[in-house]
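Quick notes on the structure that follows.
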Amino acid sequence: MLETGIKGHQEITVTDALTAKSMGSGVMDVFATPAMLALMEKTAFTSVMPYLNEGCGSVGTKVCIEHVASSPVGMKITCDSELVEIEGRKLVFKVEAYDSKGLIGKGTHERFIVESGKFQEKTDKKL
């Protein structure tokens, strides 16, 4: 049953492909903000998938995050999410990311539950 308090956890290691320089979000060889955001979305998304009806998924609709510390290539990053609000089909998550030295990012992420097939069909009609 989908209810507040559901938690998620993911881990990755910073590679060259996940740096600001490689992702085009800066010139430094540090963990990129877009990579952190993607990890936060994945953590939230995967945490609730087992609780959604068959044929349903969720799409990201809003993000408000702070990237508060840098992380070098080779460092392990962990991300935790918690479902803190359910309003109809809207889901609101608290998200936090850490490296071995402490907090590197925090914020909120909203997702919306959709029927996957219908959503894809509607999107494809834009072509």
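The values are calculated or read from the model by the stated rules, or taken from the named source; none is laboratory data. This is a predicted model, so every value here is computed, not measured. Please note: Cβ atoms are built from the backbone with ideal geometry, for glycine as well, and neighbour counts cover all protein chains shown. Ligands, DNA and RNA are excluded from the accessible area calculation, which covers all protein heavy atoms including side chains. Shrake-Rupley method; radii C 1.70, N 1.55, O 1.52, S 1.80 Å.
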Here the residues within segment 24-58 that are within 20 Å of Thr78 (Cβ to Cβ), free of Cβ contacts under 8 Å to residues at least 60 places away in the same chain and hydrophobic (A, V, I, L, M, F, W, C) are Val30, Ala32, Ala35, Leu37, Ala38, Leu39, Met49
**Q.** Filter pass, Ser71 being out of contact with any Ser or Thr (no Cβ under 8 Å at 6 or more places or on another chain) and hydroxyl-bearing (Ser, Thr, Tyr)
**A.** yes
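Out of Lys94, Lys118, Lys42, I need the residue that is part of a strand (DSSP E or B), out of contact with any Phe, Trp or Tyr (no Cβ under 7 Å at 6 or more places or on another chain), open to solvent by 40 Å² or more (accessible area, probe 1.4 Å) and under 27 Å from Glu3 (Cβ atoms). Which one?
Values: Lys118 fails: part of a strand (DSSP E or B); Lys42 fails: part of a strand (DSSP E or B).
Answer to the selection: Lys94.
Being assigned to a strand (DSSP E or B), surrounded by 13 or more Cβ atoms within 10 Å (Cβ to Cβ) and either charged (D, E, K, R) or in contact with a Ser or Thr (Cβ under 9 Å, 6 or more places away or on another chain) (or both) is true for just one of Gly8, Gly26. Which residue is that? First the steps, then the outcome.
On the way: Gly26 fails: assigned to a strand (DSSP E or B).
Every option except Gly8 fails the conditions.
Taking segment 1-21 on its own, how many of its residues are charged (D, E, K, R), over 19 Å from Leu52 (Cα atoms) and under 17 Å from the mean Cα position of the chain (by Cα)?
Filtering segment 1-21 for residues charged (D, E, K, R) gives 3, 7, 11, 16, 21.
Applying the additional criterion that residues be over 19 Å from Leu52 (Cα atoms) yields 11, 16, 21.
Keeping just the survivors that are under 17 Å from the mean Cα position of the chain (by Cα) gives 11.
Residues meeting the conditions: 1.
Could you pull out the residue among Ala38, Ala32 that is farther than 21 Å from Ser116 by Cα and either in contact with a Cys (Cβ under 6 Å, 6 or more places away or on another chain) or of a type outside the set (Ser, Thr, Tyr) (or both)?
Numbers: Ala38 fails: farther than 21 Å from Ser116 by Cα.
Ala32 is the lone residue from the list that is farther than 21 Å from Ser116 by Cα and either in contact with a Cys (Cβ under 6 Å, 6 or more places away or on another chain) or of a type outside the set (Ser, Thr, Tyr) (or both).
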Could you go through segment 45-66 and let me know if any residue there is open to solvent by 80 Å² or more (accessible area, probe 1.4 Å), of a type in the set (Val, Ile, Thr) and in a strand (DSSP E or B). yes
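Suppose the filter is more than 17 Å from Leu18 (Cβ to Cβ) and open to solvent by 50 Å² or more (accessible area, probe 1.4 Å); does Val84 pass it? Lay out the reasoning, then the answer.
Numbers: more than 17 Å from Leu18 (Cβ to Cβ): yes; open to solvent by 50 Å² or more (accessible area, probe 1.4 Å): yes.
Spelling it out, Val84 is indeed more than 17 Å from Leu18 (Cβ to Cβ) and open to solvent by 50 Å² or more (accessible area, probe 1.4 Å).
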